[in-house]
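Here the structure is laid out as structure tokens; the discussion comes afterwards.
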């Protein structure tokens, strides 16, 4: 019984010694604890001003409010994390600090692999916002779609086609592929392709087509009105007529094309200029160059018998 009691006393004394050691350690760390608490409190207070000044600074480079707020939040979070590591260093928790850094690296790698596409879309949206490739209501062509920009977010771009459908494109696709902005320049060129018969006077055709546009179609007279013959077609000599509009909206472009086609057709009708139909020439014989009569067998060309005369 005495042996058990002695063992209990020894264990209890060891416990008291360990608690005394912990108390001594806490007492010795009191200055560090107070300093860490002060640093952490000042850091949380300073985080508000960091976010405020980051937002103001970013607004000078980007007008996208959502992007500015997002980057300001990231900057503030990074500031708080750095100050947390400083506090852990003050408390002499180096082992815990190293464990946190290692864990943060592993977790960050796992999150990065799992959210690779969303992260790419996010940063693509940020890059597009800072560089301002396009704005709301711009007419663009990208990834095989043409339409008007309806909405731009950090993850996707919404395009409304001229047929009325909405296309949601991930920002990664928009940023990494070619994009044509028909609105940014404030002007559009209209190209009208047509053909005339080989028997028409080409100088007369050129003058008639240009006069038709000048007299019946509204266009930007400060830009050139041009006609170029492009090829000898199978049944016509083809040309392209080009003029410019100081318009950005697609309905204006479509109306100008329609007005130009009607004007050219009316002018050609008045001047006796023909727009030929496609013509095909049939060539008979094995080597070609024979007429239909010579190519057919003689039996097929023999006059048909009547009333039994061939009996």
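If the chain linking residue 141 and residue 249 were pulled fully straight, counting 0.36 nm for each residue of separation and taking away their Cα-Cα distance, it would gain 37.5 nm.
Can you give the convex hull volume per residue for the Cα atoms of region 188-271, as a whole number of Å³? Working shown, then result.
Numbers: hull volume 7.4 nm³, N = 84.
Residue-normalised Cα hull volume stands at 88 Å³.
Cα convex hull, region 133-181: 64 Å³ per residue, rounded to a whole number. Projecting label points 7 angstrom from Cα along Cα→Cβ for residue 257 and residue 160 puts them 2.0 nm apart. Measure out, as a whole number of angstrom, how far apart the alpha-carbon centroids of region 204-272 and region 130-162 sit. Region 204-272 and region 130-162 have Cα centres separated by 30 Å. Our estimate of slack between residue 150 and residue 40, defined as 0.36 nm per intervening residue step minus the Cα-Cα distance, is 35.1 nm. Summary of packing: across the peptides 262-275, 218-231, the per-residue average of other C-beta atoms within 10 Å ranks them, highest first, as 262-275, 218-231.
Given 0.36 nm per residue, what is the gain on full extension from residue 269 to residue 229 after removing their alpha carbon distance, in nm?
Values: separation 40, 0.36 × 40 = 14.40 nm, distance 1.98 nm.
Gain on stretching residue 269 to residue 229: 12.4 nm.
Applying 1/(1 + (r/R0)^6) with R0 = 35 Å to the Cβ-Cβ distance of residue 221 and residue 277, what FRET efficiency is obtained, to the nearest 0.05? Walk me through the numbers on the way to the answer.
On the way: r = 35 Å, r/R0 = 0.99.
In this case the efficiency is close to 0.50.
Test of understanding: extend the Cα→C-beta vector of residue 168 to 7 Å, then name every residue of region 137-157 with backbone N under 17 Å from that spot. Inside the label zone: 149-157.
Quick note: the coordinates plus some simple rules give every number you see, no bench work behind them. All figures in this text were calculated on a predicted structure; none of them were measured in a lab. All Cβ positions, glycine included, derive from the backbone under ideal geometry; neighbour counts span all protein chains shown.
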